[in-house]
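Nothing in this text is a laboratory measurement; each read-out follows from the coordinates by a stated rule. As the structure is a prediction and not an experimental result, all values here were calculated from the model. Cβ coordinates were reconstructed from backbone atoms using ideal geometry, including for glycine residues, and neighbour counts include every protein chain displayed.
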Amino acid sequence: MEIINVKTGRRKEFVEITSQIEDIVRKSNVKNGICFLYVPHTTCGLTINENADPSVKKDIIDKLDELVPEDGNYSHMEGNADAHIKSSIVGHSLYVFIENGRLKLGTWQGIFLCEFDGPRIRNVWIKILKTE
Ligand code: ZN
């Protein structure tokens, strides 16, 4: 298993990690397979979405804030209940196909770590399964 560290700079932020994952795929020498990604955290997540227009990330973060406000009425007393909920909405794992040694993503797609309780240093666990 490979692990990458992602340093986040704000409480809520989407950090693109596509190129780091591509590096790991390249080094694996796997031509055809599946790349699994997982974050072992309860207040961040992973998603795939547009990496061309940064306002898409902002819209997702703003809409999640509207649905799950930081200052809502929660039982969890640590002050980050919204981050736990957003983490479950977004999810903790992804997979991407590998074809011809490269991640098979759509033209406008990028892989993002979704920080909801930063700034922190996060780990992404990566496992590559060879299918050829
Ligand atoms: Zn908590």
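Using Cα springs under 10 Å in a Gaussian network model of the chain, which residue among Gly79, Gly91, Gly118 shows the largest mean-square fluctuation?
The residue with the greatest mean-square fluctuation here is Gly79.
Where the only charges are on Cβ atoms (+1 Lys, Arg; -1 Asp, Glu), what is the dipole of the chain about its Cα centre, to the nearest 20 debye?
For this selection, approximately 620 debye.
Given a 10 angstrom Cα cut-off, can you work out which residue in Ile121, Ile61, Ile85 is the most mobile in a GNM of the chain?
Ile121
For the residues Lys57, Lys31, what sequence is obtained by ranking on other C-beta atoms within 10 Å, fewest first?
Working: Lys57 21, Lys31 14.
Exposure proxy ranking, most exposed first: Lys31, Lys57.
Say each of Arg26 and Thr47 gets a label point 7 Å from the Cα, pointing the same way as Cα to Cβ; how far apart are those two points in nm?
Modelled inter-label distance: 2.8 nm.
May I ask for the percentage of alpha-carbon pairs in the chain that lie more than 24 Å from each other? Walk me through the numbers before you get to the answer.
On the way: 2630 of 8646 pairs.
Cα-Cα pairs in the chain separated by more than 24 Å: 30 percent.
Sticking with the crude label model, points 7 Å out along Cα→Cβ, report the distance from Asp62 to Trp108 in nm, one decimal please.
Between Asp62 and Trp108, the label points sit 1.7 nm apart.
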